[in-house]
Each structure stands twice: as C-alpha cells, then as structure tokens.
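Here's the structure, in structure tokens; my notes come after.
The values are calculated or read from the model by the stated rules, or taken from the named source; none is laboratory data. Note that the structure is a prediction, hence the values are computed from the model and not measured. Positions of Cβ are backbone-derived with ideal geometry, glycine not excepted, and every protein chain shown enters the neighbour counts. Just so you know, the surface numbers come from the protein's heavy atoms only, side chains and all, with ligands and any DNA or RNA stripped out. Shrake-Rupley method; radii C 1.70, N 1.55, O 1.52, S 1.80 Å.
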Amino acid sequence: MRTVAARRMALVGNEAVALAWRQIRPHVVAAYPITPSTQIMERFSQYVAEGEVDTEFLPVESEHSALSACVGAAAAGARVLTATSSQGLALMHEVLYIASGLRLPIVMNVGTRALSAPINIHGDHSDVMGARDAGWIQLFARSVQEAYDRTILAVRVAERARLPVMVCLDGFTLTHSLEPVEVYPDEAVQAFLGEGPQGGYSLLGEEPITVGPLALPDSYMEFRRALAEAHARALRILEEETEAFGAHFGRRLPALMEPFEMEDAEVAVVILGAYADVVEEAVRRWRERGERLGMVRLVVFRPFPTEELRKALARAPEVVVLERADTLSGLGGPLGVEVRAALYDLADRPRVTDGIFGLGGRELRDRELDAFLRDGPRGGVIYLGVEEPPCP
Amino acid sequence: MANRWQVLDRGPVIPGGSSVAYRTGDWRQLRPVLDLPRCVHCLFCWLYCPDSAILVRDGQVVGVAYDHCKGCGICAAVCPPRANAIRMVPEGAP
C-alpha cells in the first residue's frame, strides 16, 4: 500500500472542490455559476487566470449551454468538469440524458439546493433527486474531505464506467463550511488519474466518428438496455476504484455505504450526505443509554445498491429513512420509496418509516431527531419539524 | 453470441461520413430538373441545398445527386428568376 504525504488545509467545500479540479487538470470546464456552488467556479476561474491550470474555461450564458459544451468536449475525448445547483441543474435536465446516453465521462459537482417556488437558496436534495433517473452515477459526500476525495475518485469511475458522475455536497452545510482537509500533492493526483478518457472518443482524429446518430425503434431500446447494464456494472467499478483510491492515497473511503453500529441495531437510520454527522451523534447518545440505534449512510444513490442495502438492513426490525426531498406522491421521499422497494421482496422485512426533513435548509436539531426516534417508528411518512399531525 | 445490446458499450457512435452511404433520395416527391444551358452558375442552389445534392465541378453546376436530393425545392426557389434554370417536376413524371 502506497500512502502519499498530504498537506492539511482549512477549506470550505467549494474551495476544496475547486482545488481538486485544479489538481485533476481538466481539459475543459464549462459552467454557469449558481448558488451555492458559485465559489467553485470563482475559485477555479482564478486558478485559470493565474495560469495555475491549463484548462479551456468556457463561461457560457446558461447551464443548458454549460452542459452542452461539456458534452461536445467530452465527445471529442476531453476530460471535462462542471458544477451547478438547483435551478441550474433543472435547466441542464435534457442535456443530462444526452451525456449519459452518449456514455460520456463528465464529472459534475452539485452543491445541492432546494428548487423554486418559493425561491430558496438553501440546501436540500430536491435538485439531485430530480435528476435521479437521468442515467448519471450519483455520489453524496458527508464532509468537505469527502467532497474533495470523491471529486478526484469520480473522474476515474466515470472514465472506466463510461458514465457521467455527479458528486453532491450539501448546499451550505458543506459548500460553505470550513473544515480541515488533507490535500494530496498535485503529482499524486495526476499519477492516480493518468492520461484521460481512453477508448477512442475522438471527433478530431484520423478516423472521424459520428456521436449520437438517430436510433429509431429498430435500435433505441438496445441502447437503453446497454445503459442499464452499464449502471448495473458501475457498483463494482465504484468498489474497485474506491479500493484503488485507498491504496494510492492511503485514505479508505466507504465505496457504496457506511454502516455505523449496525451489528445489533434495532432501529437503523438510513441517510444521505452531511446530516450523517447529526445522526451519528444521536447513535452515540442512544448507545450511551443502552439503546440500540444504528445508521447506514448511503454514499451512492444511483446506481441504487439494492443487494448491499438489503444485507445491511436485514437484521434491523425497524428502518427509519431520513431524507431531504419529497416525491409529492404521498408515498414519501425518493430515498424512502426506494428503500421500501428494495426491502419488499425480503420474507422477513423491516418496517420502514420515512422522515422528510431539512427542506429548503431547515435545520434538524438533536432534540427534534431524538423526539422523532423516541416516539417510535410507526411506518408511513412523517414531515419532521412541521407542525401537523403525522400522516397515518 | 452476445445479444445485440451487449455490444453497444460505447454508446451511439458510428463511423464518420456514414451519411454519404445513407440514401435519402427515395423520400422525394418532387424532382429538380436542371436546364443547364440557362444556368448562370451563381451557385445559390449549391449554397442553399440542405443535402449537398447540387454537384459542382470547377465552379460550374454539373448536375444533381439524386441519391441524396429530398426534393425540397429550395434550389428552384433561390434560382434567379431571369435564369429560371431549375424546374420541380413530380417524381416519376416523364
């Protein structure tokens, strides 16, 4: 195992991502900054202006154009990055499908944020969940360190899986929070990432290609089937590349999920992103009192790690999903719906309660979380922190 | 033998220039007919043709690539009225 010497720096999430970008040395970055991911672009454009990175930087006139430019550049064989949030991700929506359908290894950081209306700049997961079926791998960071690490890792995952990857960091909670970050030397990042996308993407070479021709009913479905297969395979690629990342940099990251105190848990909380810290503290408090609370922090939401989650949750009689998005279907949020679906086929399945919290940046406080868990899981869907009787 | 979808791992990518081999001429309902003695070789038809179906050699219009001409009639529309060198006639008409 090789471990590189890291330097300790105090960085907010956006700065850590911009620093990772500088070290990745992308050929092309196209972006239209939007709160709360704006600083990624501010900081990175500064690196470009100061000559610290030799990237073709395209400040375009909308997020739709930003991702379209990324698609073109990636199709030409470039290593490509962008970032966005909220309405910006929504404006990219149709191009998200083009990036995945063309199997282009674009990496995008999403500073997650609520969607309008009413307008709200603060963090939740509504934007990324709106893109959940667009064919992108979706990874959620828990800390600024992880946002930095996973951005670097995502480049290799994208290029090997031939799929675009979103690396999500909770808006403001991570994008604007200052944390100590172990930063690797530029050369170590370059050595890990190697040359760039392999495998004959080139609009510019000796043999020109056509990317994205018409596929009518005689072949479109085969392309979608192949895309589904690429996603099924991506979980293994994610595991292998996370292992390679750990061997190279000496930092072991959970690949698909991070179980905490799950061996004997009677109540298991499932969560994505930065609020895992709040839940982990709750688990410690409850364990001190001898109550068997556990947590499974999901790293990857797409592809959904169904088998692994079944294994992780199989012995807990109660599962409580905590999530920062809603489907407005009456069935709960997207994570709760999928956790339920994943567990449904088990003969002895846990009961699932879906707790929706933190929409539009509302804080989840310890006493609210404790009260919610103490009232006892009851199944169904509950909106935490909203004054109303719980849904049956 | 793999299923057809199993060999599509690269996404929808095909060799460049494949549109040359893809014949769209059979979509045509109207056919442009050149009256070459009237042609002033202004090349408007060549410039405006969306299918690159006007054949030009040494700056002179020499014919129409009927394998690719969809019969849209733009060439006839942009042909200068005093030259009036292109007529659209129903496909299959004598």
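Brief remarks on what is shown
- Flag not set for A:Arg142, criterion: surrounded by fewer than 20 Cβ atoms within 10 Å (Cβ to Cβ), under 15 Å from the mean Cα position of the chain (by Cα) and either away from chain B (no Cβ under 14 Å) or on the phi > 0 side of the Ramachandran plot (or both).
- You will find that of A:Ala154, A:Ala191, A:Ala134, A:Ala158, the residue that is open to solvent by less than 10 Å² (accessible area, probe 1.4 Å), away from chain B (no Cβ under 14 Å), in a helix (DSSP H, G or I) and modelled with pLDDT of 95 or more is A:Ala154 and no other.
- Count of the stretch A:232-254 residues which are touching a strand residue (DSSP E or B) at 6+ places or on another chain (Cβ under 8 Å) and assigned to a loop (DSSP other than H, G, I, E, B): 2
- Among the conditions (1) within 14 Å of chain A (Cβ to nearest Cβ); (2) open to solvent by less than 70 Å² (accessible area, probe 1.4 Å), B:Met88 misses just one, which is (1).
- Condition broken by A:Ser116, with the remaining ones in (1) at pLDDT 95 or above; (2) assigned to a helix (DSSP H, G or I); (3) more than 11 Å from the chain's Cα centre (by Cα) satisfied: (2)
- In the stretch B:1-58, the residues that are within 11 Å of chain A (Cβ to nearest Cβ), assigned to a helix (DSSP H, G or I) and charged (D, E, K, R): B:Arg4
- Top-ranked residue in the stretch A:305-317 [being in contact with a Pro (Cβ under 7 Å, 6 or more places away or on another chain) and open to solvent by less than 40 Å² (accessible area, probe 1.4 Å); ranked as nearest to A:Asp375 (Cα to Cα)]: A:Ala316
- Of all residues making up the stretch A:292-302, the number that are open to solvent by 10 Å² or more (accessible area, probe 1.4 Å) and either over 14 Å from A:Glu263 (Cα atoms) or among the acidic types (Asp, Glu) (or both): 1
- Test for A:Ile209: is it closer than 24 Å to B:Val13 by Cβ, out of contact with any Phe, Trp or Tyr (no Cβ under 6 Å at 6 or more places or on another chain) and more than 9 Å from chain B (Cβ to nearest Cβ): no
- Qualifying residue in the stretch A:48-56 (condition: out of contact with any helix residue (DSSP H, G or I) (no Cβ under 8 Å at 6 or more places or on another chain) and buried (at least 16 other Cβ atoms within 10 Å of the Cβ)): yes
- Sole exception among (1) of a type in the set (Val, Ile, Thr); (2) at pLDDT 95 or above; (3) within 22 Å of A:Gly196 (Cβ to Cβ) for A:Thr38, by number: (3)
- Of all residue pairs spaced 6 or more apart or on separate chains, those with beta-carbon atoms under 7 Å, a first member in the stretch A:238-267 that is farther than 21 Å from A:Arg7 by Cα and at pLDDT 95 or above and a second member that is assigned to a strand (DSSP E or B) and open to solvent by 30 Å² or more (accessible area, probe 1.4 Å) are A:Glu266/A:Glu318; A:Val267/A:Glu318.
- Inter-residue pairs, beta-carbon under 8 Å, first in contact (Cβ under 8 Å) with a residue 12 or more places away in the chain and under 21 Å from A:Ala99 (Cα atoms) and in the stretch A:39-63, second in a loop (DSSP other than H, G, I, E, B) and among the β-branched types (Val, Ile, Thr), 6+ apart: A:Glu63/A:Ile34
- Within the stretch A:163-181, the set of residues being open to solvent by less than 50 Å² (accessible area, probe 1.4 Å) and assigned to a strand (DSSP E or B) comprises A:Val165, A:Met166, A:Val167, A:Cys168, A:Leu169, A:Asp170, A:Glu179, A:Val181.
- Residues in the stretch A:216-274 that are of a type in the set (A, V, I, L, M, F, W, C), more than 23 Å from A:Leu139 (Cβ to Cβ) and surrounded by fewer than 16 Cβ atoms within 10 Å (Cβ to Cβ): A:Leu216, A:Met221.
- Test for A:Ala90: is it surrounded by fewer than 20 Cβ atoms within 10 Å (Cβ to Cβ), more than 16 Å from A:Leu238 (Cβ to Cβ), in contact (Cβ under 8 Å) with a residue 24 or more places away in the chain and of a type outside the set (D, E, K, R): yes
- The listed residue being open to solvent by less than 80 Å² (accessible area, probe 1.4 Å) and not acidic (Asp, Glu), out of B:Val20, B:Val61: B:Val61
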